[in-house]
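Colleague: Encoded as structure tokens, here's the structure I'll be asking about.
The values are calculated or read from the model by the stated rules, or taken from the named source; none is laboratory data. All of these numbers come straight from a predicted model, not from anything done at the bench. Note that we place each Cβ from the backbone using ideal geometry, even for glycine, and neighbour counts take in every protein chain shown. The accessibility values were calculated without ligands, DNA or RNA, using every heavy atom of the protein model including side chains. Shrake-Rupley method; radii C 1.70, N 1.55, O 1.52, S 1.80 Å.
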Amino acid sequence: MEIKEHIINLPKHIYTGYGILDNFRNYLQTLNLPQPFLVITGPVIHQEIFSKRIEEHIKDFKYEVVIVNKSDLSEAEKVEDIARQKGIKTILGVGGLSLIHI
């Protein structure tokens, strides 16, 4: 039996599984997260998924997108600088779950 979605309720929320993209807007509304958001994603996910399947559904939210190329300290510092400069209240990661560092 295939599970459509799986929600891991930790100090952070991690949504995984099939159908996640179709419900992205609903998850943001349900979580009632403060805006503006900073969406962190990789170049492939941004081009193939975020810009084609998610961006249209969240156009009325306040958000910025940062594309990271690798999982290392310099990229984390880049994201931190952008978040501080833009007054970001919530950081969202959109990707394939190959690397999760909490």
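Colleague: Could you tell me which residue of region 1-47 is surrounded by the most Cβ atoms within 10 Å (Cβ to Cβ), considering only residues that are modelled with pLDDT of 85 or more and either on the phi > 0 side of the Ramachandran plot or assigned to a loop (DSSP other than H, G, I, E, B) (or both)?
Modeller: Ranking the qualifying residues of region 1-47, first place goes to G42.
Colleague: Does V66 count as in contact (Cβ under 8 Å) with a residue 40 or more places away in the chain, closer than 11 Å to L92 by Cα, assigned to a strand (DSSP E or B) and not polar (S, T, N, Q)?
Modeller: no
Colleague: Taking H57 as the residue in question, decide whether it is open to solvent by 50 Å² or more (accessible area, probe 1.4 Å), modelled with pLDDT under 85, touching a helix residue (DSSP H, G or I) at 6+ places or on another chain (Cβ under 7 Å) and under 17 Å from T90 (Cα atoms).
Modeller: Values: open to solvent by 50 Å² or more (accessible area, probe 1.4 Å): yes; modelled with pLDDT under 85: yes; touching a helix residue (DSSP H, G or I) at 6+ places or on another chain (Cβ under 7 Å): yes; under 17 Å from T90 (Cα atoms): no.
No: the conditions fail for H57.
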